[in-house]
Amino acid sequence: MDISKFVAPEIIFGRGSLSQIGESVVRLGVSKAFLVSDREVISSGWVDLAVEYLRAAGLETVIFSSLTTNPKDCEVTEGVAKYLASGCDGIVSVGGGSPTDVAKAIAILASNGGRLQDYEGVNMIVTPLPPMVIVPSTAGAGSEVSQFTIIVDTERKLKMSIISRSLIPDIAIVDPELLKTKDALLAAATGVDALTHGIESYVSLAATPLTDIHALKAIQLISRNLRRAVAERGDMEANSNMAMASLTAGLAFSNAILGAAHAMTHQVDGLIDQHHGETNASILPHVMQFNLPACPERFRDIAVAMGEEVAGLDLVEAAGRSIEAVRRLIEDIGLAKGLSQLGLREEFIPILSENALKDACLVTNPRSATRAEIEAIFRSAM
């Protein structure tokens, strides 16, 4: 039997939709909201506006913002203590992937106890989580609709992948207006993260017709809009299209999972605390090159979605156009850097490769990889 499953939260999308946050939280039966964000989003004014909407709906709010770009287990522990002491009964996140990941991780430990390491892997959460409403402020992570949370284990210096249906928020509110306060570098990095989600979910061993629709649409939107979104941060048409791209890529990878690029970037980001999207930009083309022999038809589809002309080309040449298109896009938005330029040293490659083999995202990569092959990909990306 050919059976597939697709899971998603309630989604509210559109400019000005942040105004729906109070009503949404109230609908979930929450009386006091624990709002997770970061200092940048707070300084942009979005948290103050969210709190106004929450108060207008009769909700008291406690704010937690002690987190970093690659959120760490110790930050989650601090957040859990504050949540349990606050008397809150629901969790809200306003921000990019980091606040969302922390919000989800706090929800896990607040209701299930123990350590985050106890839930690493797939479907380890047993007790229902508090109600969650997520509002992204970047177009990249897709965490607002995913069953993932990614947190750095500070002892092992790697990113833990925690995957569970329980982590899908109750409501995702995607307001493109929040994107306009992000700078060009962040727009570029998060955009490449979304592109990587689309590509990896499309070639994933767990891809289905439902995830394919979302993955290809995300790839198409990103290839048409990311350059504009980076060049002109006030271009709301491009921002809205990138918000939709991130959302659709999130729906795709949440259900199809990811691949070797994320298995590898999780290790790099945990070690050198680099922005995830920039690491993806360094690694993605090399992983695509490695995976292409396993599913050239899929890479040809990606090339077409990115606007490449493939008529008259043989299958492998047409598939290769997808890698060329990705490289051009990454170069055009200023992220064409090797891992060594991001601060990675050659000596770390063996341990990074060993840890990548243990990452849950590698399970659905379309081509199996040995440690030696992972090391070779790392070295080609240096």
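The values are calculated or read from the model by the stated rules, or taken from the named source; none is laboratory data. Since we're looking at a predicted model, the values are computed, not measured. All Cβ positions, glycine included, derive from the backbone under ideal geometry; neighbour counts span all protein chains shown.
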Evaluation of ALA139 against (1) of a type in the set (A, V, I, L, M, F, W, C); (2) part of a helix (DSSP H, G or I); (3) under 24 Å from LEU329 (Cα atoms) (one fails), failing number:
(2)
When you check ILE330 against the structure, is it closer than 20 Å to PHE253 by Cβ, modelled with pLDDT of 95 or more and surrounded by 22 or more Cβ atoms within 10 Å (Cβ to Cβ), yes or no?
yes
Which residue out of SER24, SER4, SER43, SER19 is out of contact with any Asp or Glu (no Cβ under 6 Å at 6 or more places or on another chain), under 17 Å from MET132 (Cβ atoms) and hydroxyl-bearing (Ser, Thr, Tyr)?
SER24
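Residue-by-condition table, conditions (1) surrounded by fewer than 24 Cβ atoms within 10 Å (Cβ to Cβ); (2) β-branched (Val, Ile, Thr):
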| residue | (1), (2) |
| --- | --- |
| ALA103 | no, no |
| GLN117 | yes, no |
| VAL122 | yes, yes |
| PRO136 | no, no |
| ASP170 | yes, no |
Return the residue satisfying two criteria in turn: it lies in the stretch 247-265 and is closer than 14 Å to ALA356 by Cβ and within 11 Å of the chain's Cα centre (by Cα), and of such residues it is surrounded by the fewest Cβ atoms within 10 Å (Cβ to Cβ).
LEU258
Has the stretch 108-115 got at least one residue that is outside any helix (DSSP H, G or I) and touching a residue at least 24 places away in the same chain (Cβ under 8 Å)?
yes
Just name the residue that is farthest from the chain's Cα centre (by Cα) out of those in the stretch 353-376 that are in a loop (DSSP other than H, G, I, E, B) and surrounded by 22 or more Cβ atoms within 10 Å (Cβ to Cβ).
ALA369
Which one of these is outside any helix (DSSP H, G or I) and either polar (S, T, N, Q) or over 15 Å from MET382 (Cβ atoms) (or both): LEU344, LEU335?
LEU335
In the stretch 27-48, what residues are touching a helix residue (DSSP H, G or I) at 6+ places or on another chain (Cβ under 9 Å) and among the β-branched types (Val, Ile, Thr)?
VAL36, VAL41, ILE42, VAL47
Being over 13 Å from the mean Cα position of the chain (by Cα) and either more than 18 Å from GLY277 (Cα to Cα) or of a type in the set (A, V, I, L, M) (or both) is the requirement here; does LEU186 meet it?
yes
Which residue out of ILE323, ILE330 is closer than 20 Å to ALA245 by Cα, free of Cβ contacts under 8 Å to residues at least 40 places away in the same chain and part of a helix (DSSP H, G or I)?
ILE323
Identify, please: which residue in the stretch 285-296 is farther than 13 Å from ARG321 by Cβ and assigned to a helix (DSSP H, G or I) and is, among those, nearest to the chain's Cα centre (by Cα)?
VAL287
Please pick out the residue among LEU216, LEU185, LEU195 that is modelled with pLDDT under 95, on the phi < 0 side of the Ramachandran plot and part of a helix (DSSP H, G or I).
LEU185
Could you please tell me which pairs satisfy a Cβ distance under 7 Å, a separation of 6+ or placement on different chains, a first residue in the stretch 61-76 that is surrounded by fewer than 17 Cβ atoms within 10 Å (Cβ to Cβ), and a second residue that is aromatic (Phe, Trp, Tyr)?
VAL62/PHE34
Could you look through the stretch 198-210, keep only residues that are surrounded by fewer than 24 Cβ atoms within 10 Å (Cβ to Cβ) and part of a helix (DSSP H, G or I), and pick out the one that is nearest to the chain's Cα centre (by Cα)?
LEU210
